[in-house]
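Step one of this worksheet: look at the structure below.
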Amino acid sequence: MKKTVLIALLAMLAVSCGIVKYSFSGTSIQPDVKTITIPYVEYKALRVNPSLSNDLTEALKEKFRKLTSLEEVDVDGDLELVCEITGYDVKATSVTADEQAAQNRLTVTVKASFTNRKYPEDDVDKSFSAYEDFDATMSLDAVEAGLCETIIEKIVEDIFNATVAQW
């Protein structure tokens, strides 16, 4: 019993002193990192979706707000996540016997530049991409909002994991 209490106390001491950089949300944020800046996501893809930049920006902010204790600041955060949408494409993925598209795929690509001003070795500069398939008999306009919502969830999860969860 005394051994268990001692181990628990040592673990709490190690965490409070900043020796361990782990949290129950799965993030790996150093204790002295307190703020994050997430500017508006730029849209640089050729095909236009007018709400995608705003939806992605808000989803990123919400993810960091929910799963970290970081304070969001407009400029000069300890962490900065700058993203741009570089691809928004629809392509046929399967074709019927009479050479008509049976399935289409919407793919979104986002370039993310993550800067850790206190620990530059944690910086990430990477592209993330996700897709959803839809029946070719449906117009993109009819399914676009739902597809984008699912794609955004996937991309935000991937960006979060690659930056502060460091998976």
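Could you tell me, in Å, what Rg and Dmax come out for the Cα atoms of region 31-163?
When restricted to the Cα atoms of region 31-163, Rg and Dmax are 17.0, 62 Å.
So how strong a dipole does region 86-125 carry about its Cα centre when Lys and Arg Cβ are +1 and Asp and Glu Cβ are -1, to the nearest 20 debye?
160
For each pair in 34/63; 61/118; 66/91; 61/91, compute the distance between the two Cα atoms and list the pairs where it is over 27 Å.
66/91; 61/91
Name the residues whose placed amide hydrogens come within less than 5 Å of the amide hydrogen of residue 136, ignoring near sequence neighbours (fewer than 5 apart) on the same chain.
Amide H neighbours of residue 136, under 5 Å, 5+ apart: 103, 104.
Consider all pairwise Cα distances in region 68-109 and report the whole-number % of them above 12 Å.
Counting pairs separated by more than 12 Å, the tail of P(r) holds 72 percent.
What is the gain in length, in nm to one decimal, between residue 61 and residue 139 on full extension, counting 0.36 nm per residue of separation less the C-alpha to C-alpha distance?
That works out to 25.0 nm of additional length.
What share of Cα pairs, in percent, lie more than 19 angstrom apart in region 103-167?
Summing the P(r) of region 103-167 above 19 Å gives 42 percent of all pairs.
Which is farthest toward the positive dipole end of region 31-163 among 106, 94, 124, measuring Cα position about the Cα centre, with Cβ charges +1 (Lys, Arg) and -1 (Asp, Glu)?
Sorting the options by dipole projection puts first 124.
Quick one: 3J(HN,Hα) in Hz for region 150-158, Karplus 6.51/-1.76/1.60 with θ = phi - 60°, rounded, Gly and Pro as x.
After applying 6.51 cos²θ - 1.76 cosθ + 1.60, I find 5, 5, 4, 4, 5, 5, 4, 4, 5 Hz.
Throughout, read-outs are computed from the coordinates displayed, never taken from laboratory work. Computed from a predicted model, the values in this text were never measured in an experiment. Here Cβ is always computed from backbone atoms with ideal geometry, including for glycine, and neighbour counts include all displayed protein chains.
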